[in-house]
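The values are calculated or read from the model by the stated rules, or taken from the named source; none is laboratory data. Source: prediction; values computed, not measured. Quick reminder, even Gly has a Cβ in these numbers, built from the backbone with ideal geometry, and neighbours come from all protein chains shown. Please note that ligands, DNA and RNA were not included when accessible areas were found on the heavy atoms of the full protein model with its side chains. Shrake-Rupley method; radii C 1.70, N 1.55, O 1.52, S 1.80 Å.
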Amino acid sequence: MVGDIPWGTHLCQFYETTKDLIETLIPYFAEGLRNNEFCMWITSPPLDADRARRELAKAVPELNKYLEKNQIEILSYEDWYLLDNKFDSDRTLQGWIDKEKSALSRGFAGLRLSGNTFWIEKKLWIDFVEYEAAINSKILSHKIIALCTYCLSRCSGNDVIDVIRNHVGTLVKKEKEWIMVEDAVQRKTTETIYRNTIQTSIDGFWIIDKEGRFLDVNKSYSEL
């Protein structure tokens, strides 16, 4: 439903039921496994790690093969977000980067992740919103795709705005169909950061169309 997306993409989903999570996360991770990506699924009620594993096995009969070669980890939020019973945004962010580095060293194409935020208490909301904002710049230059899931009934109107603002795209269900709502401001910001990263790189970058015509180059390429 989303289509092809580049590395460094940070999406979110608002869900109402366990079925909503299964409808999106199962194909999301199944595709990642087929693409030789390392997958990390951080679960929380209403879909715990055991059920997530069972549901994924229905769509991916060879799941045990992927588990044996450590291509996917399915963990509870307590074992990732709340180590030592506290949320540390810096530690969590660095954890994703470390997982990506490990995945690449083992021959995987990159890291595909998802974390369910049902566990977040109101007193942690501001810290988590700042963490979500930091993800955008943190993963932009990494081979990471992230999909964060939020329970709609636990979000106020202001919470929804916070979530949408921190993601380039939001999956929402309209009647029986899932649609993608893009945040034009966030997308523009992401594109600007991406462009600035390329323009200041010591490596040469160039963009061509299907006919081989140059559309853009950076300063380093011009010098080369």
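If you take the residues of the range 10-32 that are not aromatic (Phe, Trp, Tyr) and not in a helix (DSSP H, G or I), which of them is most open to solvent (accessible area, probe 1.4 Å)?
Going through the qualifying residues, I end up with Glu16.
Take the residues in the range 95-112 that are hydrophobic (A, V, I, L, M, F, W, C) and touching an Asp or Glu at 6+ places or on another chain (Cβ under 9 Å), then tell me which one is surrounded by the fewest Cβ atoms within 10 Å (Cβ to Cβ).
Checking each candidate, the answer is Ala109.
State the number of residues belonging to the range 40-61 that are under 14 Å from Lys19 (Cβ atoms) and of a type in the set (Asp, Glu).
Within the range 40-61, residues that are under 14 Å from Lys19 (Cβ atoms) and of a type in the set (Asp, Glu) number 1.
Out of the range 33-70, which residues are open to solvent by less than 70 Å² (accessible area, probe 1.4 Å), over 30 Å from Asp127 (Cα atoms) and among the polar types (S, T, N, Q)?
Result: Asn35, Asn36, Asn70.
Which residues, counting only those in the range 147-172, are closer than 26 Å to Ala30 by Cβ and hydroxyl-bearing (Ser, Thr, Tyr)?
Thr149, Tyr150, Thr170
How many residues does the range 189-210 hold that are open to solvent by 100 Å² or more (accessible area, probe 1.4 Å) and at pLDDT below 85?
Count: 5.
Looking at the range 55-165, what helices (runs of 4 or more DSSP H) fall wholly within it and have at least 2 residues that are touching a residue at least 12 places away in the same chain (Cβ under 8 Å) and polar (S, T, N, Q)?
Those helices (runs of 4 or more DSSP H) span 89-105, 125-139.
Given the criteria in contact with a Lys or Arg (Cβ under 9 Å, 6 or more places away or on another chain), of a type in the set (A, V, I, L, M, F, W, C), within 21 Å of Thr18 (Cβ to Cβ) and open to solvent by less than 50 Å² (accessible area, probe 1.4 Å), does Leu75 qualify?
No, not satisfied.
Out of all the residues in the range 130-154, which are touching a strand residue (DSSP E or B) at 6+ places or on another chain (Cβ under 7 Å) and either open to solvent by 50 Å² or more (accessible area, probe 1.4 Å) or of a type in the set (A, V, I, L, M, F, W, C) (or both)?
Result: Ile135, Ile139, Lys143, Ile144, Ile145, Ala146, Leu147, Cys148, Cys151, Leu152.
How many of the residues in the range 78-94 are open to solvent by less than 60 Å² (accessible area, probe 1.4 Å) and out of contact with any helix residue (DSSP H, G or I) (no Cβ under 9 Å at 6 or more places or on another chain)?
Going through the range 78-94 one residue at a time, the tally reaches 2.
Restricting the range 176-188 to residues that are modelled with pLDDT of 80 or more and exposed (fewer than 14 other Cβ atoms within 10 Å of the Cβ), which is nearest to the chain's Cα centre (by Cα)?
Step by step, filter the range 176-188, then rank; the result is Ile179.
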